[in-house]
Amino acid sequence: IGKKYQGRGWVSQSIKAFSDFAFGDLGLNKLHIIIHISNLPSIKVAENAGFKWIRTLPNEFVTTGKGSLDMELYEKER
């Protein structure tokens, strides 16, 4: 999300609405969010939405010219 729109709670509201839809309407039992360790605002949003850190995923994301990055797995259960 652009800096101009950060801090307004829109991502938090979106994750809550998506989680409600996924668990209620779709009947899913578990959701995952994968975040880079340096993305502290996204980690905060995930934790505030009830997602818990599960583990580090080695070499999970491949970038152009930078190789692969470890990512953090966060999970929320119904």
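Give the residue, chosen from SER19, SER68, that is of a type in the set (S, T, N, Q) and at pLDDT 95 or above. Talk me through it step by step, then tell me what you get.
Details: SER68 fails: at pLDDT 95 or above.
Residue meeting the stated conditions: SER19.
State the number of residues belonging to segment 56-78 that are in a strand (DSSP E or B) and either without any contact (Cβ under 8 Å) to a residue 24 or more places away in the chain or of a type in the set (S, T, N, Q) (or both). Spell out how you get there, then give the answer.
Initially, segment 56-78 is screened for residues in a strand (DSSP E or B), giving 56-63, 67-77.
Restricting the remaining residues to those that are either without any contact (Cβ under 8 Å) to a residue 24 or more places away in the chain or of a type in the set (S, T, N, Q) (or both) gives 56-59, 62-63, 67-68.
Result for segment 56-78: 8.
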Go through segment 31-53 and give me each residue that's among the hydrophobic types (A, V, I, L, M, F, W, C) and loosely packed, with under 12 Cβ neighbours inside 10 Å. ILE37, LEU40
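Kindly evaluate GLU75 against the criterion of being charged (D, E, K, R), surrounded by 11 or more Cβ atoms within 10 Å (Cβ to Cβ) and under 10 Å from the mean Cα position of the chain (by Cα). Quick ask: steps written out before the conclusion?
Numbers: charged (D, E, K, R): yes; surrounded by 11 or more Cβ atoms within 10 Å (Cβ to Cβ): yes; under 10 Å from the mean Cα position of the chain (by Cα): yes.
The answer is yes for GLU75.
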Of the residues that make up segment 11-26, is at least one assigned to a helix (DSSP H, G or I), under 14 Å from the mean Cα position of the chain (by Cα), farther than 21 Å from GLU72 by Cα and not aliphatic (A, V, I, L, M)? yes
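The values are calculated or read from the model by the stated rules, or taken from the named source; none is laboratory data. Only a predicted model underlies this, so the values are computations on that prediction, with no experimental measurement involved. In this analysis, Cβ positions are derived from the backbone assuming ideal geometry, glycine residues included, and neighbour counts consider all displayed protein chains.
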